[in-house]
Amino acid sequence: MAKSAAKKKASGKTKTRGASTGKAKALSLNIGLNGVSAAAYAGWDGPLAACEFDARDMAALAQKAGMQPTVLMTKKATRAAVLGAMRSAAKELKSGDLFFLSYSGHGGQVPDVSGDEDDKKDETWCLYDGQLIDDELYFELSRFGSGVRVLVVSDSCHSGTVTREALMPPTTIPTQRPKLMPDAVAMRVYREHQKFYDELQLDVAKAAGKRPVDPDAAIAQVAQSGRLSAIVKKFDPVVILISGCQDNQTSMDGEHNGAFTEQLLKVWNQGSFQGNYANFHARIRARMPATQTPNLFTLGTAGPFLAQEPFTV
């Protein structure tokens with residue numbers, strides 16, 4: 001690594017790759033849940049097998065790349081712990097710094113009460129003691145300062161489609177399970193905790209000062225519309241989001257890694273990958289089956305960020 005960097009410096013093409021230059025700081029938050037608390041999910045404990053492996057592997061990748069990782073797995077991956085870690089990072093990081101957020105676990109939904117979703121559903125990450133709503137995630141990202149680079153890798157279902165159960169591909173590999181909270185469970189959870197989730201959505205809307213929108217939709221459409229201003233008045237960081245599947249698909253679990261995370265790690269190949277984020281996404285996508293196609297979204301002036309080699313501090 002040092003020899004290669006010396007050669008690049010001598011040629012006038014110095015490039016940071018997977019190691020800190022001493023100028024930028026990098027933190028990672030790597031979340032993986034092999035289950036959730038049945039008490040918080042109407043008796044459903046959502047068993048999965050590979051999500052903790054995903055979190056450990058993302059943390060190892062982050063550490064090798066020069067980041068300081070925080071790992072939250074299953075029982076420790078609570079709403080308070082995740083939100084606390086994100087807010088701490090937002091306070092610490094400055095322009096040019098990097099925050100890498102990875103999640104592996106179930107995706108879920110709650111009925112939308114803030115009026116932002118066309119399908120009347122808010123997408124969620126299923127944390128151990130409760131769901132993290134997409135409006136919350138987007139609002140927490142807005143707390144990061146101007147020029148902070150944020151990379152989000154999500155190996156879960158984030159469908160915005162109410163018919164996703166019908167569109168979900170059949171599981172033909174016994175060791176694979178969909179990372180999706182069943183719709184019947186989602187509605188049961190919502191009924192038992194309706195006051196909490198309704199108030200949570202309204203609190204986020206009030207804190208943002210505007211009506212929130214689905215983050216994936218905002219990220220995908222920001223270049224064509226002004227919908228970004230609907231969730232926060234000011235959004236300063238630059239965000240790249242690589243998610244494990246399309247809106248009408250689901251991410252699959254495995255025995256040792258989730259299907260998406262497994263291919264990401266193979267493409268990364270211990271840091272020997274050459275190319276930028278767009279190349280990285282395209283290579284991962286090419287290795288995935290038609291039933292699970294990873295997405296790439298950006299937010300903000302993402303050109304320089306996209307041009308970097310993945311995980312560059």
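Got a sec? How would R177, R56, R87 order by Cβ neighbour count within 10 Å, fewest to most?
Details: R177 19, R56 16, R87 13.
In increasing order of surrounding Cβ atoms, one gets R87, R56, R177.
What distance in nm separates the simple spin-label points at Q274 and S88, each placed 7 Å from Cα in the Cβ direction?
3.9
Quick one: order Y190, Y277 by neighbouring beta-carbon count within 10 Å, fewest to most.
Y190, Y277
Please arrange E199, E140 by counting, for each residue, the other beta carbons lying within 10 Å of its beta carbon, fewest first.
The fewest-first ordering by Cβ neighbours comes to E199, E140.
Please work out whether the range 34-125 counts as rounded, prolate or oblate from its C-alpha gyration tensor, where a ≥ b ≥ c are the square roots of the eigenvalues and a/c under 1.5 means rounded, while otherwise a/b larger than b/c means prolate and anything else oblate? Walk me through the intermediate numbers first.
Details: a/c = 2.21, a/b = 1.33, b/c = 1.66.
Oblate, since a/c reaches 1.5 and b/c is not below a/b.
Would you mind checking the pairs K25/K206; K121/K179; K23/K94 and listing those with alpha carbons more than 21 angstrom apart?
Details: K25/K206 32 Å; K121/K179 18 Å; K23/K94 11 Å.
With Cα atoms farther than 21 Å apart: K25/K206.
Given axes a ≥ b ≥ c from the Cα gyration tensor, I'd like to know whether the range 232-300 is rounded (a/c under 1.5), prolate (a/b larger than b/c) or oblate. Working shown, then result.
On the way: a/c = 2.12, a/b = 1.36, b/c = 1.56.
Cα axes put the range 232-300 in the oblate bin.
Along each of the three principal axes of the Cα atoms of the range 70-115, give the extent in whole Å, ordering the values from largest to smallest.
Principal extents (largest minus smallest coordinate, Cα): 37, 30, 17 Å.
Read-outs throughout are calculated quantities, based only on the coordinates presented, and are distinct from any laboratory measurement. These figures come from a predicted structure and were not determined experimentally. Neighbour counts run over all protein chains shown; Cβ positions are idealised from the backbone, glycine included.
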